[in-house]
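Asks: Before I ask anything, here is the structure I am working with.
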Amino acid sequence: MIEPHAPAPPGSPPSWGDACGPSDACDACDACDACDACDACDACGPSEAGGPGGPEATARLPVRPAVGRFLVLAGVFVCAACGLVYELELVALASYLIGDSVTQASVVLSVMVFAMGLGSLAAKRLRGLAAAGFGALEAVLALVGGSSAMVLYAVFAWTGGWGGLWADGPRVLLVAFSLAIGVLIGAEVPLLMELIQRVRRQDPGGAVADLFAADYVGALVGGLAFPFVLLPFLGQLTGALLTGTVNAVVGAALVLGLFRRDLTRRARWLLLAANVVVLALLATATVLADDFERAARQAVYGQDVRVAVRTDVQEVVLTGDTDGRPLDLFLDGRLRVRGSDERRYHEALVHPAMSGPHARVLVLGGGDGLAVREVLRHPGVRRVDVVELDPQLARLARHDPGLSALNEHAYGDARVHTGTGDAFRRLRSTPSGTYDVVISDLPDPAVTASTKLYSQEFYGLLRRVLAPDGRLVVHAGPVSAHPRAFWTVDATLRAAGLPTVAYRVGARDPGSGPDAASEPGPTPGPDRTGAAPRAPRGWGFLLAARTPPVLRLDPAAPRPHTLTPDSLTRDARDAARTRMPGLPPSTLVHPRY
């Protein structure tokens with residue numbers, strides 16, 4: 001038997017563990033790179049073509065095994081962080097483009113976990129090519145994951161809102177990306193396990209513990225970096241592209257720097273060329289991201305985008321208000337205000353609730369100031385409190401020339417006081433019987449983020465802050481498009497001890513107002529043919545009080561432009577015909593919308 005540094009018999013090839021390769025008993029050969037010259041001969045150690053060393057042999061490293069093991073675990077850490085960013089990016093973008101964040105998160109995460117299992121099984125065939133396979137895998141993952149947000153947004157923006165043949169386009173594309181990224185992430189683990197074992201043999205249990213510890217810590221860092229760093233400072237598109245760049249650089253550096261001796265010269269050059277192409281594509285997309293986003297935004301909202309800002313809460317887009325075009329307000333891509341028809345919505349929301357004592361008024365939502373405008377038309381109003389989640393929207397409504405003109409500079413009135421934050425927290429600290437009128441101007445309950453504000457617990461808080469003869473009005477979504485959701489709001493109010501009367505108001509301009517938010521995904525502006533955007537044709541409201549309320553208008557207030565007592569009676573009769581009795585109320589622990 002040949003000792004580790006004894007010369008081999010004449011004519012016999014060197015075996016693994018001889019002077020040509022390192023062994024755990026001697027690290028002296030780490031300083032000798034002579035074996036790099038024999039790419040054509042794999043007798044000195046394992047080759048990716050399956051030389052005598054085979055997949056079980058120890059890798060030839062340019063560093064000591066302990067350092068090599070640390071570098072592999074550092075690569076696991078970075079790759080895990082990038083993988084989780086890809087997952088969260090898909091969830092966020094799907095919620096924005098398709099709507100219903102709970103469903104989209106469930107689809108993305110379940111498909112990805114399933115695909116990770118498939119990837120792990122497929123990676124078994126690559127164990128003999130662990131280094132080259134991992135390098136190629138990371139290049140593909142960086143390209144697919146880094147470009148996923150841009151591709152999804154591009155297809156959405158330039159296919160007219162997924163109409164026609166693309167009706168299920170966003171979901172199909174979402175599942176395809178989730179499946180592809182999941183397979184690639186799942187294939188990482190077996191290959192990284194093989195590389196760790198080839199750096200230095202250790203018991204399988206210890207190797208698995210080290211691998212998953214680095215993986216889970218990396219996932220934590222990626223999960224925190226996405227909402228607190230990437231999304232607010234870089235945005236969805238640039239954040240995903242930067243993540244792909246980091247993924248490609250780390251994957252290539254790990255393989256070409258640490259395991260280069262396990263690759264043939266041709267494999268090294270092919271892997272280097274592939275990563276250069278991937279990095280060039282990601283860099284080009286990053287440079288063009290701003291121009292792409294502007295073009296895509298115009299494709300979605302039309303050519304007259306005037307303001308587009310990403311606040312800490314949402315994306316706010318204002319269009320129109322130039323050349324005689326009415327102002328439109330989009331929040332997270334959903335049409336919230338259409339200037340040509342918003343007065344019908346806000347008059348119907350506010351005026352019936354103001355028929356009675358109305359000295360103290362609370363407006364929930366309504367950061368655009370349009371509901372406040374209608375409240376201030378009524379004599380006797382002494383104080384209006386606005387609770388808006390997004391302070392930058394309220395600031396825009398105060399200072400933007402177009403929006404402030406539309407709300408008639410409501411925020412300049414000394415009676416108006418604006419507070420920001422969570423409505424639940426605000427109501428818990430509000431004394432009982434504080435308000436004569438509460439106006440809930442919120443996105444309808446089909447928007448997942450608003451579901452808790454349509455719960456029995458929330459309406460219980462509203463009942464407590466109402467004066468004994470106070471009234472509450474709730475925008476509850478379109479009656480015709482979503483009757484079950486609308487009448488579930490009614491059942492929830494009644495369960496909280498607030499009798500109701502329902503009414504509906506039709507829109508002259510289809511696609512106007514907050515009910516556009518009930519449609520999946522952003523509601524785009526006029527399409528390429530000039531057709532009106534797809535959205536419901538009316539709004540549904542519920543007037544509630546401690547005792548059965550009467551639907552009427554305040555005779556002492558200025559007459560609304562679009563509402564009359566007769567039309568209000570017809571609106572209530574139309575809504576009553578759609579009633580769905582026997583629906584259970586929605587609660588925080590059992591949402592039913």
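Asks: Answer yes or no: is there a residue in the range 479-499 that is at pLDDT below 90, acidic (Asp, Glu), outside any loop (DSSP other than H, G, I, E, B) and crowded, with 22+ Cβ neighbours inside 10 Å.
Replies: no
Asks: Pairs only if they're at least six apart or on different chains, beta carbon under 7 angstrom, first in the range 569-591 and outside the structural domain of Gly506 (by TED's automatic domain parsing), second part of a loop (DSSP other than H, G, I, E, B) and among the charged types (D, E, K, R); list them, first residue then second.
Replies: Pro584/Arg592; Ser586/Arg592
Asks: Select, from Gly356, Gly324, the only residue that is in a loop (DSSP other than H, G, I, E, B) and at pLDDT 85 or above.
Replies: Result of the check over Gly356, Gly324: Gly356.
Asks: Select from the range 542-557 the residues that are hydrophobic (A, V, I, L, M, F, W, C) and assigned to a loop (DSSP other than H, G, I, E, B) and list them in ascending order.
Replies: Correct list: Val550, Leu551, Leu553, Ala556, Ala557.
Asks: Let me ask something else. Considering only the range 327-353, how many residues are assigned to a strand (DSSP E or B) and more than 16 Å from Ser440 (Cα to Cα)?
Replies: 7
Asks: Within the range 347-393, which residues are within 17 Å of Arg471 (Cβ to Cβ) and among the polar types (S, T, N, Q)?
Replies: Result: Ser355, single match.
Asks: Here is a further query. Would you check if there is a residue in the range 294-305 being of a type in the set (Asp, Glu), assigned by TED's automatic domain parsing to the domain that holds Met150 and surrounded by 15 or more Cβ atoms within 10 Å (Cβ to Cβ)?
Replies: The answer is no; no qualifying residue exists.
Asks: Within the range 465-472, can one find any residue that is farther than 26 Å from Val307 by Cα, under 29 Å from the mean Cα position of the chain (by Cα) and not polar (S, T, N, Q)?
Replies: The answer is no, given that none of the residues of the range 465-472 is farther than 26 Å from Val307 by Cα, under 29 Å from the mean Cα position of the chain (by Cα) and not polar (S, T, N, Q).
Asks: Tell me, yes or no, whether the range 447-455 has at least one residue that is in contact with a Pro (Cβ under 8 Å, 6 or more places away or on another chain) and on the phi > 0 side of the Ramachandran plot.
Replies: no
Asks: Then there's this: Scan Ala136, Ala131, Ala142, Ala123 and give me the residue that is modelled with pLDDT of 90 or more, closer than 17 Å to Leu254 by Cβ, hydrophobic (A, V, I, L, M, F, W, C) and in contact with an Asp or Glu (Cβ under 6 Å, 6 or more places away or on another chain).
Replies: Ala131
Asks: Is it the case that some residue within the range 258-270 is over 30 Å from Pro62 (Cα atoms), out of contact with any strand residue (DSSP E or B) (no Cβ under 8 Å at 6 or more places or on another chain) and hydrophobic (A, V, I, L, M, F, W, C)?
Replies: Scanning the range 258-270, I find no residue that is over 30 Å from Pro62 (Cα atoms), out of contact with any strand residue (DSSP E or B) (no Cβ under 8 Å at 6 or more places or on another chain) and hydrophobic (A, V, I, L, M, F, W, C), so the answer is no.
Asks: Are there any pairs with C-beta distances below 6 angstrom linking a residue in the range 197-220 that is crowded, with 17+ Cβ neighbours inside 10 Å to a residue that is charged (D, E, K, R) and part of a helix (DSSP H, G or I), with the two at least 6 apart or on different chains, and if so which?
Replies: Val199/Arg69; Arg200/Arg69
Asks: Okay, next question. Report yes if some residue within the range 558-565 is within 18 Å of Asp444 (Cα to Cα), in the same structural domain as Gly497 (by TED's automatic domain parsing) and at pLDDT 90 or above; otherwise report no.
Replies: No.
Asks: Please go through the range 371-397 and pick out each residue that is in a helix (DSSP H, G or I), within 28 Å of the chain's Cα centre (by Cα) and touching a residue at least 24 places away in the same chain (Cβ under 8 Å).
Replies: Pro391, Gln392, Leu393, Ala394, Leu396, Ala397
Asks: Looking only at the range 224-255, count how many residues are in contact with an Asp or Glu (Cβ under 6 Å, 6 or more places away or on another chain) and among the β-branched types (Val, Ile, Thr).
Replies: Within the range 224-255, residues that are in contact with an Asp or Glu (Cβ under 6 Å, 6 or more places away or on another chain) and among the β-branched types (Val, Ile, Thr) number 0.
The values are calculated or read from the model by the stated rules, or taken from the named source; none is laboratory data. Remember, predicted model here, so these are calculated numbers, not experimental data. Every residue, glycine among them, receives a Cβ derived from its backbone with ideal geometry; neighbour counts consider all protein chains shown.
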